[in-house]
Amino acid sequence: MMIEPARIFSLGDNAVTVEFGNEISEALNDAAINLSRHFNAHPFPGFVEAVPAMASTTIFYRPHEVHFHDDLFPTAFASVEAKIKDAILNVSASEEAASQLIEIPISFASNHALDLEKIAGHSGITPDETIEIFLAKVYRVYMLGFLPGFAYMGEVDGRIAVPRLTTPRTAVPKGSVGIAGRQTGIYPSESPGGWQIIGCTELELLTDNTNEPCIFRPGDHVRFFRPG
Amino acid sequence: MTLLFQKEGIFSSLQNLRGIGRQSFGINPRGPMDRFAARVANLLAGNDEDGSVLEMHFPAAQIEFGEDCRFALAGADFAAALNGIPARNWAAHSARSHDVLKFEGKVFGSRSYLAIEGGMKTDRAGYSTIRLAKGSIVEREAGNFIDCHQSESSFVSKSILPAYSSFPTVRVLPGGEFGLLSDAAIRALTSEPFVLSNESDRMGYRLDGPVLSATEPAEMVSAAVTFGTIQLPPDGQPIVLMADHQTSGGYPRVANVISADLPLLGQLGPQDKVSFQLANIEEAERAAMQMERNLKKLRTGIRFGRFW
């Protein structure tokens, strides 16, 4: 059995959100990811997808199909809610898919590390120390969002946890690695954005594979390294 | 070559309903703003409902057919004319090679859909919207015809259409953070008209109207949002997320538009008005299922050559 959700509520008539809490924590994120993996492995008729976020999972479904296959409940929502409650009681650790460790090359060259000096200046350390602190950690992928393939990762060492830029850039270059508070993330494509940029990777994050459209899955771990 | 764009129109794009199932990768389904109209256009053209259609705004594109082709129009009525002869909306038509399709005026709505028999070829793995510029060419996607009895001009009965209006009342379900709204804000949300600001686009509609006051949430971490989610940023002016919304957000989700009423929103543009009415999940599901039954009726009718 997993953590009891704090709330279960509808997100329109096509989706139900299961909220485990409202903070960034590994335990809550684990619950969100495990519940979504459970439904991906055991879809019910009418299931569309399970989308894990920081501390919640949202199950998308087609109400008419759910209702057609399960008319014991007055609404498709009630039917999906019952399936969720049942899953929470029965999800076991053995169903959890192994998460991968992804190694990502990063360049800190001055034309890539747009805000490195500023990040270092923020806590009065040198750029080299900033880089060392950043590379020392293995980061967890909490969720994907904002842009296709954009992974919200944590936790960044408090010493380099800089706030977002007051004025976002209109174009952050593709591959830029940014910091926003205790979170880090990589822009898979050029986009407007306000995260402070510590470096840049040449690794292609998006794939042509429709089923695995990017190299990350929620729950994966990421280690950055400087290519030799 | 099936379609040649002689004039591009504004924001003409190819949209389909095949992008679902990848939100956990941060990829939203995108697709047509008025899904009902896009599905009907495909059905009338003899295609699967989820295939690519052309979404047009006014002024719309001017299109030359490169081969004999059956096509269908649905959604907004932009006074279509094929070689100068009016071509009715919510209907299928036949074009000959070199025929030219023009849209001569904005009669109703904001988004018109064009489907061609055999579907429009698009890159299925694409993550960005395919915009059509002057000189663009759209090819037919072969091989997904359904068995279709072709009458010369088949059309859809008004009785199966959603209650389209230039000032619609749209039903909403309370959202996850509905409880943060003050009583006065709930009254304002469900009784006052809102106007779509000029910053409204395929990502979302910013609404001008009464400022909605809400208790500030203690903390809100990023969570899923969807087509029709009404978010309330700190300035108290709600935003309705539309087809190109991001997959997650951190603003309170005060309400969600019911899926059966999304097509009504999809036909609005900047400066149009909308009002909201609270519904419950039973009503929302009944309306969604009625829409599916109407589409099924149309599908069956097309297969057996009966229209009404």
So in the range A:63-79, with the set limited to residues that are free of Cβ contacts under 8 Å to residues at least 24 places away in the same chain and more than 10 Å from chain B (Cβ to nearest Cβ), which one is farthest from A:Met2 (Cα to Cα)? A:Asp71
Here is a check on your reading of the model: is A:Phe60 among the hydrophobic types (A, V, I, L, M, F, W, C), more than 7 Å from chain B (Cβ to nearest Cβ), in contact with a strand residue (DSSP E or B) (Cβ under 9 Å, 6 or more places away or on another chain) and under 20 Å from B:Arg286 (Cα atoms)? yes
Taking the range B:250-296 and keeping only residues that are facing chain A (nearest Cβ under 8 Å) and either under 29 Å from A:Glu23 (Cα atoms) or in a loop (DSSP other than H, G, I, E, B) (or both), one is left with B:Arg253, B:Asn256, B:Val257, B:Ile258, B:Ile281
Of residues in the range A:1-16 being within 9 Å of chain B (Cβ to nearest Cβ) and either hydrophobic (A, V, I, L, M, F, W, C) or over 15 Å from B:Glu177 (Cβ atoms) (or both), the one surrounded by the most Cβ atoms within 10 Å (Cβ to Cβ): A:Asp13
Just wondering, is there one or more residues in the range B:245-265 that are acidic (Asp, Glu) and surrounded by 21 or more Cβ atoms within 10 Å (Cβ to Cβ)? yes
From the option list B:Gly19, B:Gly46, B:Gly51, single residue qualifying as in contact with a strand residue (DSSP E or B) (Cβ under 9 Å, 6 or more places away or on another chain), outside any helix (DSSP H, G or I) and closer than 24 Å to B:Ser259 by Cα is B:Gly51
A:Tyr139 out of contact with any Lys or Arg (no Cβ under 9 Å at 6 or more places or on another chain), at pLDDT 95 or above and in the same structural domain as A:Gly193 (by TED's automatic domain parsing): no
With respect to the numbered conditions (1) at the interface with chain B (Cβ under 10 Å from one of its Cβ atoms); (2) under 30 Å from A:Glu129 (Cα atoms); (3) surrounded by fewer than 22 Cβ atoms within 10 Å (Cβ to Cβ), which one is the sole condition not fulfilled by A:Ser107? (1)
Reported set for the range B:207-227 where residues are within 21 Å of B:Leu265 (Cα to Cα), at the interface with chain A (Cβ under 7 Å from one of its Cβ atoms) and either touching a residue at least 40 places away in the same chain (Cβ under 8 Å) or exposed (fewer than 13 other Cβ atoms within 10 Å of the Cβ) (or both) is B:Ala224
Looking at B:Tyr251, is it hydroxyl-bearing (Ser, Thr, Tyr), modelled with pLDDT under 95 and closer than 18 Å to A:Gly12 by Cβ? yes
Quick one: count up the residues across the range A:200-228 that are within 14 Å of chain B (Cβ to nearest Cβ), surrounded by fewer than 15 Cβ atoms within 10 Å (Cβ to Cβ) and not polar (S, T, N, Q). 3
Index of the failed condition, A:Pro148 passing every other in (1) within 14 Å of chain B (Cβ to nearest Cβ); (2) crowded, with 24+ Cβ neighbours inside 10 Å; (3) in contact with a helix residue (DSSP H, G or I) (Cβ under 8 Å, 6 or more places away or on another chain): (2)
Hits in the range B:174-200 (condition: more than 14 Å from every other protein chain (Cβ to nearest Cβ) and either closer than 17 Å to B:Arg253 by Cα or over 22 Å from the mean Cα position of the chain (by Cα) (or both)): B:Leu181, B:Ser182, B:Asp183, B:Ala184, B:Ala185, B:Ile186, B:Arg187, B:Ala188, B:Leu189, B:Thr190, B:Ser191, B:Glu192
Here are B:Ala214, B:Ala284: which of them is closer than 30 Å to A:Phe150 by Cβ and among the hydrophobic types (A, V, I, L, M, F, W, C)? B:Ala214
Do we find a residue being under 27 Å from B:Ser182 (Cβ atoms) and under 23 Å from the mean Cα position of the chain (by Cα) anywhere in the range B:289-308? no
Just wondering, is there one or more residues in the range B:34-56 that are outside the structural domain of B:Gly249 (by TED's automatic domain parsing), crowded, with 19+ Cβ neighbours inside 10 Å, over 20 Å from B:Arg140 (Cα atoms) and in contact with a Ser or Thr (Cβ under 6 Å, 6 or more places away or on another chain)? no
Residue under question is A:Gly158, and the condition is that it be surrounded by fewer than 17 Cβ atoms within 10 Å (Cβ to Cβ) and away from chain B (no Cβ under 11 Å); does it hold? yes
Scanning the range B:266-291 for residues that are surrounded by fewer than 18 Cβ atoms within 10 Å (Cβ to Cβ) and touching a His at 6+ places or on another chain (Cβ under 9 Å) gives B:Met289
Checking the structure you have, find out if any residue of the range B:266-277 is more than 20 Å from the chain's Cα centre (by Cα) and more than 21 Å from B:Ser191 (Cα to Cα). no
Going by what's in this entry, would A:Ala113 be described as more than 14 Å from chain B (Cβ to nearest Cβ) and buried (at least 20 other Cβ atoms within 10 Å of the Cβ)? yes
Any residue that is small (Gly, Ala, Ser), at the interface with another protein chain (Cβ under 10 Å from one of its Cβ atoms), touching a residue at least 12 places away in the same chain (Cβ under 8 Å) and surrounded by fewer than 22 Cβ atoms within 10 Å (Cβ to Cβ) - is there at least one of those in the range A:17-39? yes
Which of (1) within 30 Å of B:Lys296 (Cβ to Cβ); (2) away from chain A (no Cβ under 13 Å); (3) crowded, with 20+ Cβ neighbours inside 10 Å; (4) in contact with a strand residue (DSSP E or B) (Cβ under 8 Å, 6 or more places away or on another chain) is the odd one out, the single condition B:Leu232 does not satisfy? (1)
In the range A:43-57, is there at least one residue being surrounded by fewer than 22 Cβ atoms within 10 Å (Cβ to Cβ), at pLDDT below 95 and over 22 Å from B:Thr247 (Cβ atoms)? no
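The values are calculated or read from the model by the stated rules, or taken from the named source; none is laboratory data. Source: prediction; values computed, not measured. As a convention, Cβ positions derive from the backbone with ideal geometry for all residues, glycine included, and neighbour counts pool all protein chains shown.
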